[in-house]
1. Check whether at least one residue in region 152-160 is more than 19 Å from residue 42 (Cα to Cα) and of a type in the set (Gly, Ala, Ser), and report yes or no.
2. When both residues are 6+ apart or on different chains and their Cβ atoms are under 7 Å apart, which pairs have a first residue that lies in region 1-21 and is touching a residue at least 60 places away in the same chain (Cβ under 8 Å), and a second that is not charged (D, E, K, R)?
3. So which strands (runs of 3 or more DSSP E) are wholly in region 103-219 and hold at least 1 residues that are touching a Ser or Thr at 6+ places or on another chain (Cβ under 7 Å)?
4. Considering only residues that are touching a helix residue (DSSP H, G or I) at 6+ places or on another chain (Cβ under 8 Å) and not small (Gly, Ala, Ser), which ones fall in region 288-311?
5. Would you check if there is a residue in region 25-32 being more than 16 Å from residue 322 (Cα to Cα), assigned to a strand (DSSP E or B) and either of a type in the set (Ser, Thr, Tyr) or in contact (Cβ under 8 Å) with a residue 24 or more places away in the chain (or both)?
6. Which one of 146, 140, 59 is out of contact with any helix residue (DSSP H, G or I) (no Cβ under 7 Å at 6 or more places or on another chain) and over 20 Å from residue 176 (Cα atoms)?
7. If a residue must be surrounded by 16 or more Cβ atoms within 10 Å (Cβ to Cβ) and either β-branched (Val, Ile, Thr) or more than 16 Å from the chain's Cα centre (by Cα) (or both), how many such residues does region 210-220 contain?
Amino acid sequence: MKPTIAPYPSGRFRRARQSEAIRGLVRENTLTVNDLIWPVFVRDGEGVEEPVPSMPGVVRRSVDLIAEAAVEAQALGIPAICLFPYTDPGLKTEDCAEAWNPDNLSNRAIRAIKAAAPDIAVMTDVALDPYNINGHDGYVVDGEIVNDATIEALVKMTLAQAEAGADIIGPSDMMDGRIGAMRQALEAAGHHNVMILSYAAKYASAFYGPFRDAVGASGALTGDKKTYQMDPANSNEALRLIERDLTEGADMVMIKPGMPYLDICRRVKDTFGAPTYAYQVSGEYAMLQAAAQNGWLDGEKVMLESLLAFKRAGCDGILTYFAPAVARILNG
Ligand code: PBG
């Protein structure tokens, strides 16, 4: 039964906002360290940390420093770290074989993190773009990004990551049918506990620009990703993709980008009730940092507000480059 809303003056909504104590009591959503997944960029070398110019405050780290960063993240209580490799351009080929090399950068980083910080979950990225000579997430044959041949490569990549010790596989490629193929292959190889967080509703977005700089894919990419990533105009299609990926065996689902797509987060959570994540992507991060650096916005406040908004929209967690900064604030 709905309570009747008492009219003014006996009903005053402002009573519930009068002090921090009362506001705390009636607060509907909370951001916690448990909500954070930290995306990091890994490069080769040793003791190397190099800034990503379009993402102020974000660096590419060599494997040894990635392990150190994971130790720090674990100490902050961040539950998961997500790896993205900056692959040497010389290793990019048409067949993308480096993607399933057991000793590629990403797989070495997984092992180093597992050895140094065993309690943090390691998430990966499954897509061919860091290894593809043309920068696409799938194989390109006669100008077409081919679906089924790409899935075979993605499965090999998945198994190599699981062998290296990944806890959560993150397919970001948007091919059709890859979740089922990956799940089956993981089961057959005995990796029953390896989870899949599907980038199920991933839009063809201009907000990925700085990320492509960070992984060195900007120069490589020919054309755009509109034949596999979603049209930003669509919403019902996102629900159908999420349903499909859950049916194929995804344990968790993602909406990406985040801030401009909170309506999708809410619909997905309300419709499926599955573990739902959003990716506050590189362009969102760059936008907030740029304004903060210019003194146009209060950086700390907009960071916290933007992340809380994901919780309000129904997300269970957020992939965010702000993760360590936020964790430090939330830990007090
Ligand atoms: C590539 C991938 C992208 C991101 C994550 N995985 C970029 C793309 O699809 O071009 C973007 C993340 C970000 O912008 O922060 N498979």
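1. Yes - at least one qualifying residue is present in region 152-160.
2. As it stands, the answer is none, since no pair meets every condition given.
3. Qualifying strands (runs of 3 or more DSSP E): 139-141, 144-146, 195-202.
4. 288, 289, 293, 297, 298, 300, 302, 303, 304, 307, 310, 311
5. No - not one qualifying residue is present in region 25-32.
6. Going through 146, 140, 59 in turn, the sole match is 59.
7. Qualifying residue count, region 210-220: 5.
Each row is one residue, and each column tells you yes or no for (1) of a type in the set (A, V, I, L, M); (2) away from the ligand (no atom under 16 Å from the Cβ); (3) loosely packed, with under 15 Cβ neighbours inside 10 Å.
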| position | (1), (2), (3) |
| --- | --- |
| 163 | no, yes, no |
| 208 | no, no, no |
| 230 | yes, no, no |
| 236 | no, yes, yes |
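We did not get these values from a lab; they are worked out from the coordinates using the rules stated. Bear in mind the structure is a predicted one, so any value in this text is a computation, not a measurement. Using ideal geometry, Cβ is built from the backbone for each residue, glycine included, and neighbour counts are taken over all protein chains shown.
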